[in-house]
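The values are calculated or read from the model by the stated rules, or taken from the named source; none is laboratory data. Bear in mind that the values here come from a model prediction, so they are computed numbers and not experimental data. Glycine gets a Cβ as well: all are built from the backbone with ideal geometry, and neighbour counts include every protein chain shown.
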């Protein structure tokens, strides 16, 4: 976890801001396809679900989370599964894509996300 100038871990709000301001290439490419409702659905990025859980992209209207997994996720299937279970407990569905898939086929990934959104019921808050 990044630390502030005082050497202490960033507070959740600052951590989310850090993640938004320092996206991976894959996150940046996918955000270009998801922002401004290009898929017909509003997405937010680096959304905080709880004190331990920040998600790459979220469409709260259909309760869909999109995670873009880089090298940090290699050989961490158990950790990802536990994290996904936490997310599902909030009523969300999780889609995961590898960085390479996003970078090689950004539009196809965005289309898969749009189709997943269309298949979900819309929630009103």
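Considered as a group, the residues in region 18-33 that are assigned to a helix (DSSP H, G or I) and over 11 Å from the mean Cα position of the chain (by Cα) include one that is surrounded by the fewest Cβ atoms within 10 Å (Cβ to Cβ), and that residue is 21. Of the residues screened, residue 57 is not one that is buried (at least 18 other Cβ atoms within 10 Å of the Cβ), in contact with a helix residue (DSSP H, G or I) (Cβ under 9 Å, 6 or more places away or on another chain) and over 15 Å from residue 102 (Cβ atoms). Residues that are at pLDDT 85 or above, touching a strand residue (DSSP E or B) at 6+ places or on another chain (Cβ under 9 Å) and assigned to a helix (DSSP H, G or I): does region 38-59 have at least one? Scanning region 38-59, I find no residue that is at pLDDT 85 or above, touching a strand residue (DSSP E or B) at 6+ places or on another chain (Cβ under 9 Å) and assigned to a helix (DSSP H, G or I), so the answer is no. Of all residues in region 81-96, those that are over 13 Å from residue 67 (Cα atoms), touching a strand residue (DSSP E or B) at 6+ places or on another chain (Cβ under 7 Å) and in a loop (DSSP other than H, G, I, E, B) total 1. For residue 102, the conditions (1) surrounded by 13 or more Cβ atoms within 10 Å (Cβ to Cβ); (2) modelled with pLDDT under 95 are fulfilled apart from (2). Would you check if residue 15 is under 13 Å from the mean Cα position of the chain (by Cα) and either at negative phi or at pLDDT 95 or above (or both)? No. Does residue 75 satisfy being on the phi > 0 side of the Ramachandran plot and modelled with pLDDT of 95 or more? No: the conditions fail for residue 75.
Only one of the listed residues (100, 76) is closer than 28 Å to residue 11 by Cβ and over 13 Å from the mean Cα position of the chain (by Cα). That residue is 76.
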